[in-house]
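Engineer: The structure under discussion is supplied below as structure tokens; questions concerning it will follow.
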Amino acid sequence: MDEKRVKSGLYKTLTALLLVVVLVGGLLIFRNTYFMASADQDDSTTTKVSSSMVIGPTNIADMIEQVSPAVVNIETTSVVSGGNDVFFNDPFFRQFFGSNGIQPRQNVQKGIGSGFIISTDGYILTNQHVIDGANSITVKIADSDTNYSARVVGQDYELDLAVLKIEADRTLTAMTLGDSNSIRPGEWVVAIGNPYGLDHTVTVGVVSAKGRPMTIENRQYKNLIQTDAAINPGNSGGPLLNIQGEVIGINTAVNSQAQGIGFAISINTAKDIMNELISNGKVIRPYLGVVVQQLTSSNNSVSSAGLVIADVVAGGPAQLAGIKKNDIITSLNDTQIKTYDELQTFLKAQQVGAQIAVHLNRGGLPLILNLTLAEKPQS
């Protein structure tokens, strides 16, 4: 009896141990299989992500070879009368000694810039400030040893754009114009130009931001592309390209207060006026002849929304219509005007010579004056 009990107990113990071994082994096999599958899944995911990511553009050199013939260097010469001749400019000196045939000294100033060909027959787009006041303009193309004399076809001070024309004895390479509205911050861009006279310099960066406003000297830019691609003096007027080689901007300025911040005029802005510059030589805009300010708590003495007249241009449409300083424009025709952008949007839809009704608030009283829009001066 005792022997049977011992054998039975031993059997039960061995059975229990066997079950434990089987259970532990199963758990180990399950664990290894699970983690191996997870590792395989992670590896496949990582491989998939890595293969779809592009760390940087790999075809820039090929693209540059294709578009370089369309990028031009621009050299300008301006003759400025010698303002440094103190004695000749002194009226008392001239009164007592006379000019005696003395002519003011002529200072010759040279400038450099960039541009790019927009048609195979020799039209070139650049910045207006590159050719502003130039007596002569010389264009050099990358694949030619010939220096071409260029004439200004049209220019616009406000948008800082100009179209030049050269006469070549062959069909030229022209740039493809892209869509600057479709670009996104973080996309790769390439700038080509003539910085400091260094022919066809290529720099690479990304779009840092879109729609930047900036005031440089007396120009107010509204819709600039910001980039960290190096832009230096001499780059002005050159193309800012996407990696497909399409122009998405015109390199314009570098921020002297910071490092690695450049700006370009969006190509869509240029496309809107290029044909007008070529056909008319300028952009014809209607204007009111006023300087306006946004209403604030400091300049708003009446409970009226609109734009306050800060100044009236002498002889301009507003003065002729009887508009005065401190009047508040509340609407034009039936369009309510609260901001400067709303004013510009209204004017863009109008024609020079059109008559409009200007709704004003003068000293708390409503007033309606009829105004005839005139052509806005170029500067």
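Engineer: How large is ³J(HN,Hα), in whole Hz, for each residue of segment 199-205 in order, when computed from phi with the Karplus curve 6.51 cos²θ - 1.76 cosθ + 1.60 and θ = phi - 60°, using x for Gly and Pro?
Structural biologist: Rounded to whole hertz, the list is 4, 6, 7, 10, 10, 10, x.
Engineer: Count charges around Ala70 for me, please; just the other residues with Cβ under 14 Å from its Cβ, Lys/Arg as +1, Asp/Glu as -1.
Structural biologist: Residues near Ala70 contribute -2 overall.
Engineer: If you don't mind, there's one more thing I want to ask. Can you run phi through the Karplus equation (6.51, -1.76, 1.60; θ = phi - 60°) for segment 107-118 and list ³J(HN,Hα) in whole Hz, with x for Gly and Pro?
Structural biologist: In residue order, the calculated couplings are 9, 9, 10, 10, x, 10, x, 9, x, 8, 6, 10 Hz.
Engineer: Arranged by the count of other C-beta atoms within 10 angstrom, fewest first, what order do Lys376, Lys110 take?
Structural biologist: Least crowded to most crowded, the residues run Lys110, Lys376.
Engineer: Right, another one. Roughly speaking, what is the stretch gain from Ile216 to Asn326, that is 0.36 nm per residue apart minus the C-alpha to C-alpha distance, in nm to one decimal?
Structural biologist: 36.8 nm
Engineer: Assuming a viscosity of 1.567 mPa s and a temperature of 4 °C, what translational diffusion coefficient in µm² per second does Stokes-Einstein assign to segment 286-375, Rh being the Kirkwood radius over Cα pairs?
Structural biologist: D, rounded to a whole number, is 101 µm²/s.
Engineer: Testing the spin-label approximation: label points 7 Å from Cα along Cα→Cβ at Asp132 and Gln259. State their distance in nm.
Structural biologist: Between Asp132 and Gln259, the label points sit 3.0 nm apart.
Engineer: Pairs Lys110/Lys376; Lys222/Lys348; Lys325/Lys348: which are spaced more than 19 Å apart, C-alpha to C-alpha?
Structural biologist: Lys110/Lys376; Lys325/Lys348
Engineer: Here is a further query. In what sequence do Thr171, Thr252, Thr227 fall when counting other Cβ within 10 Å, fewest first?
Structural biologist: In order of increasing Cβ crowding within 10 Å: Thr171, Thr252, Thr227.
Engineer: For His359, His200, which order do you get if you count the other beta carbons within 10 Å of each Cβ and list the fewest first?
Structural biologist: Lowest to highest Cβ neighbour count: His200, His359.
Engineer: So how much slack lies between Tyr196 and Ile278, counting 0.36 nm per residue of separation and subtracting their Cα-Cα distance, in nm?
Structural biologist: Gain on stretching Tyr196 to Ile278: 26.6 nm.
Engineer: What does the C-alpha gyration tensor say about the overall shape of segment 168-287? Classify as rounded when a/c is under 1.5, otherwise prolate if a/b is larger than b/c, or oblate.
Structural biologist: rounded
Engineer: Net charge within 12 Å of Gln244 by Cβ-Cβ distance, Lys/Arg positive one each and Asp/Glu negative one each, not counting Gln244 itself?
Structural biologist: Cβ neighbours under 12 Å give a net charge of -4.
Every read-out reported here was derived from the displayed coordinates using simple, explicitly stated rules and does not represent laboratory data. None of the values given here were measured: they were computed from a predicted structure. Counting neighbours? That spans all protein chains shown, and the Cβs are built from the backbone with ideal geometry, glycine included.
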